[in-house]
1. Being within 28 Å of GLN60 (Cβ to Cβ) and open to solvent by 100 Å² or more (accessible area, probe 1.4 Å) is the filter here, so list the residues in segment 17-43 that pass it.
2. Of the numbered conditions (1) among the charged types (D, E, K, R); (2) surrounded by fewer than 16 Cβ atoms within 10 Å (Cβ to Cβ); (3) without any contact (Cβ under 8 Å) to a residue 24 or more places away in the chain, ARG4 satisfies every one except a single condition; which is it?
3. Among the charged types (D, E, K, R), surrounded by 14 or more Cβ atoms within 10 Å (Cβ to Cβ) and in a helix (DSSP H, G or I): does that describe LYS72?
4. Any idea which residue in segment 7-16 is least open to solvent (accessible area, probe 1.4 Å), counting only those that are among the hydrophobic types (A, V, I, L, M, F, W, C) and at pLDDT below 95?
5. Anything in segment 56-69 that is open to solvent by 100 Å² or more (accessible area, probe 1.4 Å) and either within 11 Å of LEU10 (Cβ to Cβ) or touching a residue at least 24 places away in the same chain (Cβ under 8 Å) (or both)? List them, or say none.
6. Might you check whether a residue that is modelled with pLDDT of 90 or more, farther than 17 Å from LYS8 by Cβ and not in a helix (DSSP H, G or I) occurs anywhere in segment 37-55?
Amino acid sequence: MKSRTLEKLLYKAAILLVIIGAFVKFMYSPDSNFGLYLILAGHAAGVAGILLYMKYSCSQERQSQLHKENFKHFKNG
């Protein structure tokens, strides 16, 4: 369950970074690239969260398939 908490934290950090980056870029200092770096970091955090969720989902699917296989062997044997 800790991986799910980490994913949620990454999603929240990504949203926050993108919003702050957009504010910095368009409102505070349009001529600097710091806002763009924050937006890029937010997107990277979002992608990391998505990849962690995909890893979790695949492991759950693999575990479910293993349980089905074991049940099939138990039922037939």
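1. HIS43
2. (3)
3. Spelling it out, it is not the case that LYS72 is among the charged types (D, E, K, R), surrounded by 14 or more Cβ atoms within 10 Å (Cβ to Cβ) and in a helix (DSSP H, G or I).
4. So the residue we want is LEU10.
5. Correct list: empty.
6. Within segment 37-55 (the criterion being modelled with pLDDT of 90 or more, farther than 17 Å from LYS8 by Cβ and not in a helix (DSSP H, G or I)), the answer is no, since none of the residues qualifies.
The values are calculated or read from the model by the stated rules, or taken from the named source; none is laboratory data. Bear in mind that the values here come from a model prediction, so they are computed numbers and not experimental data. Here Cβ is always computed from backbone atoms with ideal geometry, including for glycine, and neighbour counts include all displayed protein chains. Heads up: the accessible areas ignore ligands, DNA and RNA and are worked out on the full protein's heavy atoms, side chains in. Shrake-Rupley method; radii C 1.70, N 1.55, O 1.52, S 1.80 Å.
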